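Asks: Here you go, one structure.
The values are calculated or read from the model by the stated rules, or taken from the named source; none is laboratory data. Predicted model only: the values in this text are computed from it and were never measured. Every residue, glycine among them, receives a Cβ derived from its backbone with ideal geometry; neighbour counts consider all protein chains shown.
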Amino acid sequence: MILWRRPDQDDIRAFIRLQGALPFSYPDVGATRGDPPAGYTVDHNRVRLGRGRAVFERAVTALHGWRMFAIDGVELCWPGAPIEPGLTVAVLARAAGLWSLNACRVVYCIDDHAALTRRGFAYGTLPEHAVRGEERFLVEWSSTSDEVTYDLLAFSQPSSPLLARARPLLRHMQRHFAAQSLEAMRRAAGAA
């Protein structure tokens, strides 16, 4: 949803409530668990956060506090919301003097404990979003290397013919978000 002014909190709550009752805007729900489906642009970004349990715990705390959205020009509504399947959130962004309000729903959570301890979640787009697709946010800790990483995987396509015309701008914004999200998690985990 493109807006000329910043929506107030009541407008955002109403938007989330309405979008929360709607189905996902793409058919491949849950596909970030494996290989992304054909026909989408795929973005896969990863950053090393450091080593050890303390870094892992800080990164997981940051992830569950939505700190990967601690980015100028982007606001998650609402960062206090507990991450669980079915939760609907809105991402408010400002670019070129306009506001964009985009709805997403948490698809699944990850809490794996093996040679690679993994915590995270994926959310998928709802009808009122600039793109259609899914994004996975994941913190991993390797028991063999002791290395902690933040992994961001997304697949998307423009949600309308009009937005397809603005694809270069959308791609720029997606690349910017990914780079800033990785940096936000590096800061939150205390990476040097």
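Asks: Could you tell me whether Arg175 is basic (Lys, Arg), under 15 Å from the mean Cα position of the chain (by Cα) and surrounded by fewer than 22 Cβ atoms within 10 Å (Cβ to Cβ)?
Replies: yes
Asks: Right, something else. Could you pull out the residue among Leu76, Leu49, Leu63 that is buried (at least 18 other Cβ atoms within 10 Å of the Cβ), under 17 Å from Arg186 (Cβ atoms) and either without any contact (Cβ under 8 Å) to a residue 12 or more places away in the chain or within 16 Å of the chain's Cα centre (by Cα) (or both)?
Replies: Residue meeting the stated conditions: Leu63.
Asks: How many residues does segment 7-36 contain that are closer than 18 Å to Leu92 by Cβ, of a type in the set (A, V, I, L, M) and out of contact with any Ser or Thr (no Cβ under 8 Å at 6 or more places or on another chain)?
Replies: 3
Asks: Please state which one of Leu163, Leu87, Leu101, Leu170 is surrounded by 20 or more Cβ atoms within 10 Å (Cβ to Cβ) and hydrophobic (A, V, I, L, M, F, W, C).
Replies: The unique qualifying residue is Leu101.
Asks: Could you grab me the full set of residues in segment 85-119 that are touching a strand residue (DSSP E or B) at 6+ places or on another chain (Cβ under 6 Å), of a type in the set (A, V, I, L, M) and assigned to a strand (DSSP E or B)?
Replies: Matches in segment 85-119: Val89, Ala90, Val91, Leu92, Ala93, Leu98, Leu101, Ala103, Val106, Val107, Ile110, Leu116.
Asks: Exactly one condition in (1) more than 25 Å from Arg186 (Cβ to Cβ); (2) hydrophobic (A, V, I, L, M, F, W, C); (3) at pLDDT 95 or above is not met by Phe69; state its number.
Replies: Phe69 satisfies all of (1) more than 25 Å from Arg186 (Cβ to Cβ); (2) hydrophobic (A, V, I, L, M, F, W, C); (3) at pLDDT 95 or above except (1).
Asks: Now a separate question. Search segment 107-119 for residues being β-branched (Val, Ile, Thr) and surrounded by fewer than 19 Cβ atoms within 10 Å (Cβ to Cβ), and hand back the single one that is nearest to Ile16 (Cα to Cα).
Replies: Residue satisfying both the conditions and the ranking: Ile110.
Asks: Here is a further query. Just to check your reading of the model, which residue among Ala81, Ala122 is touching a strand residue (DSSP E or B) at 6+ places or on another chain (Cβ under 9 Å), within 21 Å of Ile16 (Cα to Cα), of a type in the set (A, V, I, L, M, F, W, C) and assigned to a loop (DSSP other than H, G, I, E, B)?
Replies: Ala81
Asks: Which residues, counting only those in segment 125-169, are hydrophobic (A, V, I, L, M, F, W, C) and part of a strand (DSSP E or B)?
Replies: Passing the criteria: Val131, Phe137, Leu138, Val139, Trp141, Val148, Leu152, Leu153, Ala154, Phe155.
Asks: Name every residue in segment 141-160 that is under 24 Å from Ala54 (Cα atoms), more than 17 Å from the chain's Cα centre (by Cα) and not charged (D, E, K, R), in order of residue number.
Replies: If the condition is that a residue be under 24 Å from Ala54 (Cα atoms), more than 17 Å from the chain's Cα centre (by Cα) and not charged (D, E, K, R), then Trp141, Ser142, Ser143, Thr144, Ser145, Val148 are the ones that fit.
Asks: Would you point out the residue of segment 17-30, among those that are touching a strand residue (DSSP E or B) at 6+ places or on another chain (Cβ under 6 Å) and over 13 Å from Glu128 (Cβ atoms), that is surrounded by the most Cβ atoms within 10 Å (Cβ to Cβ)?
Replies: Tyr26
Asks: From (1) without any contact (Cβ under 8 Å) to a residue 60 or more places away in the chain; (2) among the acidic types (Asp, Glu); (3) closer than 24 Å to Arg6 by Cβ, pick out the condition that doesn't hold for Glu128.
Replies: Of everything listed in (1) without any contact (Cβ under 8 Å) to a residue 60 or more places away in the chain; (2) among the acidic types (Asp, Glu); (3) closer than 24 Å to Arg6 by Cβ, Glu128 misses just condition (1).
Asks: Separate question: Taking segment 110-125 as the search range and keeping residues that are more than 13 Å from the chain's Cα centre (by Cα) and hydrophobic (A, V, I, L, M, F, W, C), which one is modelled with the lowest pLDDT?
Replies: Filtering segment 110-125 for residues that are more than 13 Å from the chain's Cα centre (by Cα) and hydrophobic (A, V, I, L, M, F, W, C), the one modelled with the lowest pLDDT comes out as Ala115.
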